[in-house]
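What follows is a single structure, written as structure tokens, with notes after it.
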């Protein structure tokens with residue numbers, strides 16, 4: 001799994017590629033921690049290149065959501081394919097997460 005991090009103004013954009021699972025979730029958490037170290041509290045997580053996700057990956061996304069809420073920040077997810085959207089629905093995370101189609105739509109949600 002690969003996480004590319006980009007800063008735009010006062011928010012972090014994390015693009016995840018590959019499998020987000022128990023073996024790779026530490027890398028995702030490191031990217032979140034690095035953004036937090038820059039005092040960023042708003043995130044966009046681009047999930048369009050995620051090829052597989054397990055409970056550890058879902059927990060990492062949920063933990064980011066909780067952390068943002070605690071810091072009065074926001075996280076928006078974008079690019080979820082049909083399979084990932086179905087996983088979010090089954091786990092009811094679609095009720096907690098803001099899911100946009102593209103990074104640009106997610107950016108507009110912060111305006």
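Read-outs throughout are calculated quantities, based only on the coordinates presented, and are distinct from any laboratory measurement. All values derive from a computational prediction rather than experimental measurement. Methodologically, a virtual Cβ is constructed for each residue, glycine included, from the backbone with ideal geometry; neighbour enumeration extends over all protein chains shown.
General remarks:
- Taken over segment 43-72, the criterion of being surrounded by fewer than 19 Cβ atoms within 10 Å (Cβ to Cβ) and in a strand (DSSP E or B) is satisfied by 48, 49, 51, 52.
- Looking across segment 64-89, just one residue is without any contact (Cβ under 8 Å) to a residue 24 or more places away in the chain and either within 10 Å of the chain's Cα centre (by Cα) or under 14 Å from residue 19 (Cα atoms) (or both), and that is 83.
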